[in-house]
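Everything on this sheet refers to the single structure shown next.
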Amino acid sequence: MTDRRTLGSFYYRFPTGESGADVCERVATFIDSLHRNFQEKKKARNVILVTHGLTCRLFLMKWFHWDVDVFHNLYNFDSKLRKNFFFLI
């Protein structure tokens with residue numbers, strides 16, 4: 001069995017879960033939906049995303065077209081900062 005350190009957190013799939021790559025596909029679909037909504041004049045242009053750390057990092061990866069190496073160098077926000085920290089794009 002290949003471990004997480006060998007594959008990296010992007011490609012490693014937990015036995016009863018999904019990999020970062022799996023989540024990344026869902027994030028890409030969500031971003032496509034955002035872009036379609038932004039094209040419609042009656043849809044809101046302001047969006048607030050509330051998500052878990054992994055999904056947030058994957059969203060940023062897809063939004064800014066970062067590669068997997070950049071993803072592996074990102075970390076979730078410090079939980080001590082979450083109370084007073086807002087991340088806006």
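The values are calculated or read from the model by the stated rules, or taken from the named source; none is laboratory data. Only a predicted model underlies this, so the values are computations on that prediction, with no experimental measurement involved. Please note: Cβ atoms are built from the backbone with ideal geometry, for glycine as well, and neighbour counts cover all protein chains shown.
Observations, loosely collected:
- Residue within segment 66-77 that is loosely packed, with under 12 Cβ neighbours inside 10 Å and farther than 29 Å from G8 by Cα present: no
- Among the residues of segment 1-12, those identified as closer than 18 Å to Y75 by Cα and either modelled with pLDDT of 90 or more or assigned to a loop (DSSP other than H, G, I, E, B) (or both) are G8, S9, F10, Y11, Y12.
- Close pairs from segment 23-44: first more than 15 Å from C56 (Cβ to Cβ), partner in a loop (DSSP other than H, G, I, E, B) and not hydrophobic (A, V, I, L, M, F, W, C), Cβ under 8 Å, at least 6 apart: N37/K43; F38/R45
- For segment 11-29, a residue qualifies if it is touching a Ser or Thr at 6+ places or on another chain (Cβ under 8 Å), closer than 15 Å to D67 by Cβ and surrounded by fewer than 16 Cβ atoms within 10 Å (Cβ to Cβ), and exactly one does: Y11.
- Yes/no for T55 being of a type outside the set (D, E, K, R), on the phi < 0 side of the Ramachandran plot, surrounded by 11 or more Cβ atoms within 10 Å (Cβ to Cβ) and not in a helix (DSSP H, G or I): no
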